[in-house]
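Before any comments, here is the structure.
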Ligand SMILES: Nc1ncnc2c1ncn2[C@@H]1O[C@H](COP(=O)(O)OP(=O)(O)OP(=O)(O)O)[C@@H](O)[C@H]1O
Ligand SMILES: [Mg+2]
């Protein structure tokens, strides 16, 4: 994977608004420049002009967006539009894909995460991730949660580690259910419990941002409701980016929503405004069900 | 004859097919048939061919004896009342004359007459058998043809027959195993009449040379198999010490690090190792590795026999590397990518991910692979014969010559030997023990592998 540092450095504090009003370019039927406010006052992540190519194929086209502290931002859009791809850029999980090429700049607290000096291990400790399908390690519940703190050396001794494990499981709302069977395998839990275990595992390393890629798509409604409540609570301490296909879920848990379409970021705005009063025709089509 | 029957069967096939079609009034009526026309054809053809072939087979099996009986009955009385062994010789002579191996003019006239008689009977028997088979084919075929009705469940019956045929083939494999086991068991029990199982299993001296005749001053045999088992284990252990790390690490490299182009080159190369004949490994061990080790031993002041457990074990280890690496490779690639992603997302490095997540998840399967390789190592003979020698030393020193169970089996049975001396029978007892040891290893290995395979489904 190669990283092209973008020449252009965006002044984040100015609070830019892209392309309002100017809706038509010659030769293009539909305007794909981002509509709405992509910046926030104190962003924890700010991505600028990000492009992602898989070989020849461009999966993300010039996307710029900020992720705010203590808030949930939802990425929505039809299947294959690049939501997962963009999410994976934010903690460099795309590094594991051989033909993926990322360009542009993504800053975490002001420093470029694709910079050569950036340590990927530390980056991922600060930007955690929860996947679509629960993927607990084939180890005990305790070991699942303790794994992150162990490899990052966060706990000096066993007592510290116990405390981190307990705290993380509590934050993930799983402690009461598993406190008597911490030594049982994590794979033996129910799907919803496994997903909360994965969330506990992610927060055990005390990240600043948690990325969630369709975290509820493998869960039943009750487990989904639990995870949604959990996301709302976690917002107090973390910035959360969630990809979802479930519009109600996006409306329930997020404060801001970003709509992607074929690799373009079409519209960003407060969740309520996106769902009640979308400004771009594509967004409107999508949320009213005329697309995808 | 077989060709004729098959021809008949194919005629029956066409006939039955047409009959089935015409029964329902041409090709348009096929859906009124229970089965497709071809199934009716198949059904009748099978009925036509199988009983006839069976008759032919039985005729061949027993016809010969009947013919011999008749030939002997026709011979002069003097020949009929010979003692058993001479009768056997006579029969052999006759057979050779009939086959033309002995010229007619060198034997006695009675025998020539009998040979002619035999030939004549043989020809008659062949004709009679053929005619019988043919008539069976025709009669049964016609009978079957008459049962063809539109509601005949021909498809189900053909399927049933196919099922039986398949069952019979798998039965052959199972029966062979059972047969081998039974014969080994029988001879082993025979052996234990001479030597008590306790002495055999726990005795520590192995010198199977028995006095062949009562007047011969030979060593009385000692059949303590412990040195053999110890030697087997020692060599297998050395082989595993070599092959487990090498196999495992190359599997990890292939599965996790190698780019596709490297992988497509290295993997087949590794698997070639499994295809080299063991004799080749054997002389590599005996002629290259053995002397090398000995010279090396000399240079560091160790006495290494030129035939040593070490050289056999090392080379055997190389031989079983592909077993371990290919199973471990399968097991590692079977670990879901999502588990790796989970570890990477927590900030684990590649080697941490492999050590802490991938290998533990793949471990049961890898253990299964190692056990399979171990049973292969225990059963290996050729390398040991050539590289580790034949002396049954009870030692844990890998620099000495040792011998193994399989090698002793081979040496005990090679050459002229009587089948009632403990020396030969000991081979069967050893075989029995070996059989159970590898069986247990294999069963455990397969259980472990299977259990692991289900884990992610
Ligand atoms: N590893 C890859 N190699 C090549 N192309 C890829 C790869 N991963 C994704 N793509 C392509 O990139 C585009 C965006 O994929 P992505 O997974 O980001 O979509 P998505 O919005 O997450 O879709 P979904 O809602 O179905 O998860 C798709 O066209 C996809 O085919
Ligand atoms: Mg996706």
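Read through the list (1) in the same structural domain as residue B:12 (by TED's automatic domain parsing); (2) in contact with a helix residue (DSSP H, G or I) (Cβ under 7 Å, 6 or more places away or on another chain); (3) closer than 23 Å to residue B:52 by Cβ, then give the number of the only condition that residue B:123 fails.
(2)
Say we look at segment B:344-355 and pick out the residues that are at the interface with another protein chain (Cβ under 7 Å from one of its Cβ atoms) and part of a helix (DSSP H, G or I); which of these is farthest from the chain's Cα centre (by Cα)?
Going through the qualifying residues, I end up with B:345.
Across segment A:130-153, what is the number of residues that are more than 13 Å from residue B:345 (Cα to Cα), facing chain B (nearest Cβ under 7 Å) and either out of contact with any helix residue (DSSP H, G or I) (no Cβ under 9 Å at 6 or more places or on another chain) or within 16 Å of ligand 1 (Cβ to nearest atom) (or both)?
Residues in segment A:130-153 being more than 13 Å from residue B:345 (Cα to Cα), facing chain B (nearest Cβ under 7 Å) and either out of contact with any helix residue (DSSP H, G or I) (no Cβ under 9 Å at 6 or more places or on another chain) or within 16 Å of ligand 1 (Cβ to nearest atom) (or both): 1 in total.
Looking for something modelled with pLDDT under 90, in contact with a strand residue (DSSP E or B) (Cβ under 9 Å, 6 or more places away or on another chain) and within 14 Å of chain B (Cβ to nearest Cβ) - is there at least one such residue anywhere in segment A:179-191?
Yes, the conditions are met somewhere in segment A:179-191.
Each row is one residue, and each column tells you yes or no for (1) in a loop (DSSP other than H, G, I, E, B); (2) free of Cβ contacts under 8 Å to residues at least 40 places away in the same chain.
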site	(1), (2)
A:137	yes, no
A:146	no, no
A:149	no, no
A:176	no, yes
A:182	yes, no
A:211	no, no
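Out of curiosity, is residue A:84 within 14 Å of chain B (Cβ to nearest Cβ) and either within 11 Å of ligand 2 (Cβ to nearest atom) or assigned to a strand (DSSP E or B) (or both)? Give the steps one after another, and end with the answer.
Working: within 14 Å of chain B (Cβ to nearest Cβ): yes; either within 11 Å of ligand 2 (Cβ to nearest atom) or assigned to a strand (DSSP E or B) (or both): yes.
Yes, satisfied.
Residues being more than 9 Å from ligand 1 (Cβ to nearest atom), within 13 Å of chain B (Cβ to nearest Cβ), over 17 Å from the mean Cα position of the chain (by Cα) and not in a helix (DSSP H, G or I): count how many of those fall in segment A:87-129.
Count: 2.
Quick check on residue A:156: is it away from ligand 2 (no atom under 16 Å from the Cβ) and within 11 Å of chain B (Cβ to nearest Cβ)?
Against the criterion (away from ligand 2 (no atom under 16 Å from the Cβ) and within 11 Å of chain B (Cβ to nearest Cβ)), residue A:156 does not qualify.
Take residue A:132 and tell me if it is part of a loop (DSSP other than H, G, I, E, B), closer than 29 Å to residue A:257 by Cβ and away from ligand 2 (no atom under 16 Å from the Cβ).
So residue A:132 fails the test.
So, in segment A:34-52, how many residues would count as being closer than 23 Å to residue A:206 by Cβ and either within 16 Å of ligand 2 (Cβ to nearest atom) or within 14 Å of another protein chain (Cβ to nearest Cβ) (or both)?
Selection size over segment A:34-52: 0.
Test residue B:290 against the criterion of being out of contact with any strand residue (DSSP E or B) (no Cβ under 9 Å at 6 or more places or on another chain) and either without any contact (Cβ under 8 Å) to a residue 24 or more places away in the chain or at negative phi (or both), and give yes or no.
Spelling it out, residue B:290 is indeed out of contact with any strand residue (DSSP E or B) (no Cβ under 9 Å at 6 or more places or on another chain) and either without any contact (Cβ under 8 Å) to a residue 24 or more places away in the chain or at negative phi (or both).
How many residues, within segment A:53-81, are closer than 18 Å to residue A:115 by Cα and within 13 Å of ligand 2 (Cβ to nearest atom)?
Total meeting the criteria: 0.
Quick one: residue A:170 ticks every box in (1) facing chain B (nearest Cβ under 9 Å); (2) within 18 Å of residue A:234 (Cα to Cα) bar one, so which box is it?
For residue A:170, the failing item is (1).
Residue-by-condition table, conditions (1) more than 25 Å from the chain's Cα centre (by Cα); (2) assigned to a loop (DSSP other than H, G, I, E, B); (3) without any contact (Cβ under 8 Å) to a residue 40 or more places away in the chain:
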position: B:264; (1), (2), (3): yes, no, yes
position: B:269; (1), (2), (3): yes, no, yes
position: B:282; (1), (2), (3): no, no, no
position: B:294; (1), (2), (3): yes, no, yes
position: B:306; (1), (2), (3): yes, yes, yes
position: B:314; (1), (2), (3): yes, no, no
position: B:318; (1), (2), (3): no, no, no
position: B:326; (1), (2), (3): no, no, no
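Considering only residues that are touching a helix residue (DSSP H, G or I) at 6+ places or on another chain (Cβ under 7 Å) and either within 14 Å of chain A (Cβ to nearest Cβ) or surrounded by fewer than 21 Cβ atoms within 10 Å (Cβ to Cβ) (or both), which ones fall in segment B:383-397?
Result: B:390, B:393, B:394, B:396.
Only one of A:202, A:225 is out of contact with any helix residue (DSSP H, G or I) (no Cβ under 6 Å at 6 or more places or on another chain), assigned to a helix (DSSP H, G or I) and within 16 Å of residue A:136 (Cα to Cα). Can you tell me which?
After ruling out the rest, the residue left standing is A:202.
Can you spot a residue in segment A:107-119 that is over 20 Å from residue A:44 (Cβ atoms), at pLDDT 90 or above, surrounded by fewer than 20 Cβ atoms within 10 Å (Cβ to Cβ) and more than 16 Å from ligand 2 (Cβ to nearest atom)?
Step one: list which residues in segment A:107-119 are over 20 Å from residue A:44 (Cβ atoms), which gives A:116.
From the residues that got through so far, the ones that are at pLDDT 90 or above too are none.
There is no residue in segment A:107-119 that is over 20 Å from residue A:44 (Cβ atoms), at pLDDT 90 or above, surrounded by fewer than 20 Cβ atoms within 10 Å (Cβ to Cβ) and more than 16 Å from ligand 2 (Cβ to nearest atom).
May I ask you to list the residues in segment A:49-78 that are under 20 Å from residue A:31 (Cβ atoms) and without any contact (Cβ under 8 Å) to a residue 60 or more places away in the chain?
If the condition is that a residue be under 20 Å from residue A:31 (Cβ atoms) and without any contact (Cβ under 8 Å) to a residue 60 or more places away in the chain, then A:49, A:50, A:51 are the ones that fit.
Out of A:250, A:225, A:202, report the one residue that is surrounded by 18 or more Cβ atoms within 10 Å (Cβ to Cβ), more than 16 Å from ligand 1 (Cβ to nearest atom) and under 25 Å from residue A:84 (Cβ atoms).
Selected residue: A:202, the only one of A:250, A:225, A:202 that is surrounded by 18 or more Cβ atoms within 10 Å (Cβ to Cβ), more than 16 Å from ligand 1 (Cβ to nearest atom) and under 25 Å from residue A:84 (Cβ atoms).
Could you check segment B:86-113 and list, in sequence order, the residues that are surrounded by 14 or more Cβ atoms within 10 Å (Cβ to Cβ) and either assigned to a loop (DSSP other than H, G, I, E, B) or in contact with a strand residue (DSSP E or B) (Cβ under 6 Å, 6 or more places away or on another chain) (or both)?
Residues satisfying the conditions are B:102, B:107.
The values are calculated or read from the model by the stated rules, or taken from the named source; none is laboratory data. Everything numeric here is computed off the predicted structure, so don't read it as measured data. Note: ideal-geometry Cβ built from the backbone for every residue, glycine included; neighbour counts use all protein chains shown.
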